[in-house]
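A.B. asks: If you scroll down you'll find the structure; I have some questions about it.
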Amino acid sequence: MSSTGYVLKLGGTVIVTGGNRGIGKAFSRALARAGSNVAIIYRTSKDAPDVARKIQEEFQNVKVRAYQVDVSDYDRTVETFKRAEQELGEVTGLIANAGVSAIKPALELTTEDFRNIYGVNVLGVFNSAKAVARIWVDRGERSKGSIVITASMSAEIINQASTNKPLPQAFYNSSKAAVRNLVKGLAAEWVTHNIRVNSVSPGYVRTDQTEHLDKNIRDHQAHNVPLRRFAEPEEITGQALLLLSDRASYQTGADYLVDGGQLIW
């Protein structure tokens, strides 16, 4: 007798920043499969509306749309989130997933690099969280929601390019460490509004970004993961969906590693 196991069902509308590619695209598909309407937030990717259309065709019982906005602009982010709620229905969750990196030696990093990486990875995450929290808090006694932020195991370690040789991405690693602590601060402040805030920290994941890394680097990294491989994007989604659900009603202010055991070492 076969079994599909426990099936997590969600509802409402979930906003996913960076929801058109990589892990974000996997989040969008998993949410639609679980029964949520999905607002895919993108900044410049021309394929985002097509990604939304294809997910909509695959899961016709929900609504999936793409909305263009730079999340480093708070006012426009608020406007966009409110429009998504008007068009898709009551927003119940947010996955703040948008992120960028720059692999560059620290001595070559510039102020512009900092502004770009921290503008998306930290300020953009904060703006997204604040924008959705504003929507919920304005509901008064009905305030309730769950925020999941994509952090990284790189908040705790320095990724290696080869044995004892670092992958130079100091701004990316430190921005993800900042996000981890941001989660705790927001969770502490917003708990009185019935808003939970957590983060998921992926390890090495096979995406278009990691595929551009030198094969020798990817092979070295995969070999040193206890599970001996990169994750598929879909393997990151389960923890995020659980945190968005009422099954995680007692979980807030925490980070959850999905790293194939990397931090065992």
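The values are calculated or read from the model by the stated rules, or taken from the named source; none is laboratory data. Predicted, not measured: the structure shown is a model, and the values here were computed from it. All Cβ positions, even for glycine, are placed from backbone atoms using ideal geometry, and neighbour counts span all protein chains on display.
Yes or no, residue by residue, for (1) among the β-branched types (Val, Ile, Thr); (2) under 22 Å from residue 239 (Cα atoms):
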{"site": "90", "(1), (2)": "no, no"}
{"site": "127", "(1), (2)": "no, no"}
{"site": "138", "(1), (2)": "no, no"}
{"site": "144", "(1), (2)": "no, yes"}
{"site": "155", "(1), (2)": "no, yes"}
{"site": "158", "(1), (2)": "yes, no"}
{"site": "175", "(1), (2)": "no, yes"}
{"site": "197", "(1), (2)": "yes, yes"}
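A.B. asks: One residue is enough: does the range 258-265 have a residue meeting the conditions free of Cβ contacts under 8 Å to residues at least 40 places away in the same chain and over 15 Å from residue 154 (Cα atoms)?
C.D. replies: No, the range 258-265 contains no residue that is free of Cβ contacts under 8 Å to residues at least 40 places away in the same chain and over 15 Å from residue 154 (Cα atoms).
A.B. asks: Right, here's the next one. Looking only at strands (runs of 3 or more DSSP E) that lie completely in the range 158-265, which have at least 2 residues being farther than 24 Å from residue 143 by Cβ and within 17 Å of the chain's Cα centre (by Cα)?
C.D. replies: Numbers: elements: 160-162, 195-202, 255-258.
By residue number, 195-202, 255-258.
A.B. asks: Tally time: how many residues in the range 74-88 are surrounded by fewer than 21 Cβ atoms within 10 Å (Cβ to Cβ) and over 21 Å from residue 126 (Cα atoms)?
C.D. replies: 2
A.B. asks: While we're on this one: Hey, does the range 62-79 have a residue that's closer than 17 Å to residue 25 by Cβ, over 18 Å from the mean Cα position of the chain (by Cα) and not basic (Lys, Arg)?
C.D. replies: Within the range 62-79, one or more residues are closer than 17 Å to residue 25 by Cβ, over 18 Å from the mean Cα position of the chain (by Cα) and not basic (Lys, Arg).
A.B. asks: Suppose we keep only residues that are of a type in the set (A, V, I, L, M, F, W, C) and touching a Leu at 6+ places or on another chain (Cβ under 9 Å) within the range 212-239. Which one would you say is surrounded by the most Cβ atoms within 10 Å (Cβ to Cβ)? Step through it out loud before you land on a result.
C.D. replies: First, pick out the residues of the range 212-239 that are of a type in the set (A, V, I, L, M, F, W, C): 213, 217, 222, 225, 227, 230-231, 236.
Next, only the ones that are touching a Leu at 6+ places or on another chain (Cβ under 9 Å) stay: 213, 217.
Numbers: 213: 15, 217: 17.
Only one residue tops the list, namely 217.
A.B. asks: Tell me the residue from 78, 51 that is aliphatic (A, V, I, L, M), at pLDDT 95 or above and farther than 23 Å from residue 206 by Cβ, please.
C.D. replies: On the way: 51 fails: farther than 23 Å from residue 206 by Cβ.
Unique residue meeting the criteria: 78.
A.B. asks: Here is a follow-up. Taking the residues in the range 240-265 that are small (Gly, Ala, Ser), out of contact with any strand residue (DSSP E or B) (no Cβ under 6 Å at 6 or more places or on another chain) and surrounded by fewer than 17 Cβ atoms within 10 Å (Cβ to Cβ) as candidates, determine which candidate is farthest from residue 196 (Cα to Cα).
C.D. replies: My answer is 261.
A.B. asks: Moving on to the next point. Which residue pairs have Cβ atoms under 8 Å apart, sit 6 or more places apart or on different chains, and have a first residue in the range 146-164 that is farther than 30 Å from residue 191 by Cβ and a second that is at pLDDT 95 or above and aliphatic (A, V, I, L, M)?
C.D. replies: 158/167; 159/167; 160/167; 161/167; 161/217; 162/217
A.B. asks: Buried (at least 17 other Cβ atoms within 10 Å of the Cβ), small (Gly, Ala, Ser) and on the phi < 0 side of the Ramachandran plot: is that true of residue 185 in this structure? Quick ask: steps written out before the conclusion?
C.D. replies: Values: buried (at least 17 other Cβ atoms within 10 Å of the Cβ): no; small (Gly, Ala, Ser): yes; on the phi < 0 side of the Ramachandran plot: yes.
For residue 185, the condition - buried (at least 17 other Cβ atoms within 10 Å of the Cβ), small (Gly, Ala, Ser) and on the phi < 0 side of the Ramachandran plot - is not met.
A.B. asks: Could you please find all residues in the range 35-58 being surrounded by fewer than 20 Cβ atoms within 10 Å (Cβ to Cβ) and over 16 Å from the mean Cα position of the chain (by Cα)?
C.D. replies: First, pick out the residues of the range 35-58 that are surrounded by fewer than 20 Cβ atoms within 10 Å (Cβ to Cβ): 35, 43-47, 49-50, 53-54, 56-58.
Listed by number, the residues that qualify are 35, 44, 45, 46, 47, 49, 50, 53, 54, 56, 57, 58.
A.B. asks: Give the residue, chosen from 91, 71, that is in contact with a strand residue (DSSP E or B) (Cβ under 8 Å, 6 or more places away or on another chain), under 24 Å from residue 196 (Cα atoms), surrounded by 24 or more Cβ atoms within 10 Å (Cβ to Cβ) and among the aliphatic types (A, V, I, L, M). Spell out how you get there, then give the answer.
C.D. replies: Working: 91 fails: surrounded by 24 or more Cβ atoms within 10 Å (Cβ to Cβ).
Testing whether each residue is in contact with a strand residue (DSSP E or B) (Cβ under 8 Å, 6 or more places away or on another chain), under 24 Å from residue 196 (Cα atoms), surrounded by 24 or more Cβ atoms within 10 Å (Cβ to Cβ) and among the aliphatic types (A, V, I, L, M) leaves just 71.
A.B. asks: I would also like to ask the following. State which residue pairs qualify: first residue over 21 Å from residue 69 (Cβ atoms) and inside the range 105-123, second residue among the small types (Gly, Ala, Ser) and in a helix (DSSP H, G or I) in any location, beta carbons under 6 Å apart, and separation of 6 or more residues or different chains.
C.D. replies: Once the first residue is over 21 Å from residue 69 (Cβ atoms) and sits in the range 105-123, its partners that are among the small types (Gly, Ala, Ser) and in a helix (DSSP H, G or I) give 106/170.
A.B. asks: Could you tell me which residue of the range 137-153 is nearest to the chain's Cα centre (by Cα), considering only residues that are surrounded by fewer than 23 Cβ atoms within 10 Å (Cβ to Cβ) and not basic (Lys, Arg)?
C.D. replies: Going residue by residue through the range 137-153, those that are surrounded by fewer than 23 Cβ atoms within 10 Å (Cβ to Cβ) are 137-144, 153.
Next cut, not basic (Lys, Arg) only: 137-138, 140-141, 143, 153.
Working: 137: 22, 138: 24, 140: 27, 141: 28, 143: 22, 153: 13 Å.
Filtering the range 137-153 for residues that are surrounded by fewer than 23 Cβ atoms within 10 Å (Cβ to Cβ) and not basic (Lys, Arg), the one nearest to the chain's Cα centre (by Cα) comes out as 153.
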